[in-house]
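**Student:** Here's a structure for you.
The values are calculated or read from the model by the stated rules, or taken from the named source; none is laboratory data. Computed from a prediction, not measured in an experiment: that's the story for all the values here. Glycine gets a Cβ as well: all are built from the backbone with ideal geometry, and neighbour counts include every protein chain shown. Only protein heavy atoms, including side chains, enter the accessible area calculation; ligands, DNA and RNA are left aside. Shrake-Rupley method; radii C 1.70, N 1.55, O 1.52, S 1.80 Å.
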Amino acid sequence: QEQLAESGGGSVQAGGSLRLSCAASGYTYSSYCMGWFRQAPGKEREGVAGIDRDGTTKYADSVKGRCTVSRDKAKNTVYLQMNDLKPEDTGLYYCASSPYRTRRLIPRDFDFWGQGTQVTVSL
């Protein structure tokens, strides 16, 4: 079973940057897409970004141009670089693993999830 652990969250002022990390361990062979999701209180979980085994990336419209997802194969780690953060980016950020090549970031397509790392963006 694949296990995921997020880190790198914190509090930042609007316009600032954060780099989130997701370290994968255990059985990772079945993973094709690693995705980042976020959830704010009272809102549904939404996809932020994802990266496939072949390097293809995808982003939510709300973060395009501000976020970059990348990977380090040797470390079994994926990253989410977030720049020009806005208050609406606030939420609990999760990384997740999917066996599918995803065109959209849909939570139901992802089988394994980390515990989340909090991102808080203040004015």
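**Student:** Sort out which residues of region 1-12 are within 17 Å of N76 (Cβ to Cβ) and outside any strand (DSSP E or B), and write them in order of number.
**Tutor:** Q1, G8
**Student:** Being surrounded by 11 or more Cβ atoms within 10 Å (Cβ to Cβ) and either among the acidic types (D, E) or touching a strand residue (DSSP E or B) at 6+ places or on another chain (Cβ under 7 Å) (or both) is the filter here; which residues of region 54-74 pass it?
**Tutor:** Those that are surrounded by 11 or more Cβ atoms within 10 Å (Cβ to Cβ) and either among the acidic types (D, E) or touching a strand residue (DSSP E or B) at 6+ places or on another chain (Cβ under 7 Å) (or both): T57, K58, Y59, A60, V63, R66, C67, T68, V69, S70, R71, D72.
**Student:** Here is a further query. Residues in region 35-53: is at least one among the aromatic types (F, W, Y), modelled with pLDDT of 95 or more and open to solvent by 20 Å² or more (accessible area, probe 1.4 Å)?
**Tutor:** Scanning region 35-53 turns up no residue that is among the aromatic types (F, W, Y), modelled with pLDDT of 95 or more and open to solvent by 20 Å² or more (accessible area, probe 1.4 Å).
**Student:** Does G15 fit the bill of being open to solvent by 30 Å² or more (accessible area, probe 1.4 Å), within 20 Å of T120 (Cα to Cα), in contact (Cβ under 8 Å) with a residue 24 or more places away in the chain and in a loop (DSSP other than H, G, I, E, B)? Let's see the steps before the verdict.
**Tutor:** Values: open to solvent by 30 Å² or more (accessible area, probe 1.4 Å): yes; within 20 Å of T120 (Cα to Cα): yes; in contact (Cβ under 8 Å) with a residue 24 or more places away in the chain: yes; in a loop (DSSP other than H, G, I, E, B): yes.
Considered against the rule, which asks whether it is open to solvent by 30 Å² or more (accessible area, probe 1.4 Å), within 20 Å of T120 (Cα to Cα), in contact (Cβ under 8 Å) with a residue 24 or more places away in the chain and in a loop (DSSP other than H, G, I, E, B), G15 comes out as yes.
**Student:** Right, next: Quick check on my filter: what residues within region 79-120 are part of a strand (DSSP E or B) and open to solvent by less than 10 Å² (accessible area, probe 1.4 Å)?
**Tutor:** Taking region 79-120 and keeping what is part of a strand (DSSP E or B), we get 79-82, 91-98, 112-113, 117-120.
Within region 79-120, L80, M82, G91, Y93, C95, A96, S97, S98, V119 meet the criteria.
**Student:** I would also like to ask the following. Got a number for residues in region 18-32 being over 18 Å from K75 (Cβ atoms) and either touching a His at 6+ places or on another chain (Cβ under 8 Å) or part of a strand (DSSP E or B) (or both)?
**Tutor:** Adding up the residues that qualify gives 1.
**Student:** Taking the criterion of being more than 14 Å from the chain's Cα centre (by Cα) and farther than 19 Å from G116 by Cβ, would at least one residue in region 39-50 satisfy it?
**Tutor:** Among the residues of region 39-50, not one is more than 14 Å from the chain's Cα centre (by Cα) and farther than 19 Å from G116 by Cβ, which makes the answer no.
**Student:** Tell me yes or no: at least one residue of region 33-44 is closer than 16 Å to D72 by Cα and out of contact with any Ser or Thr (no Cβ under 9 Å at 6 or more places or on another chain).
**Tutor:** Yes - at least one qualifying residue is present in region 33-44.
Quick grid of which residues meet (1) more than 14 Å from the chain's Cα centre (by Cα); (2) farther than 13 Å from A24 by Cβ; (3) modelled with pLDDT of 95 or more; (4) small (G, A, S):
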{"site": "T57", "(1), (2), (3), (4)": "no, yes, yes, no"}
{"site": "V63", "(1), (2), (3), (4)": "no, yes, yes, no"}
{"site": "V78", "(1), (2), (3), (4)": "no, no, yes, no"}
{"site": "E88", "(1), (2), (3), (4)": "yes, yes, yes, no"}
{"site": "G91", "(1), (2), (3), (4)": "no, yes, yes, yes"}
{"site": "C95", "(1), (2), (3), (4)": "no, no, yes, no"}
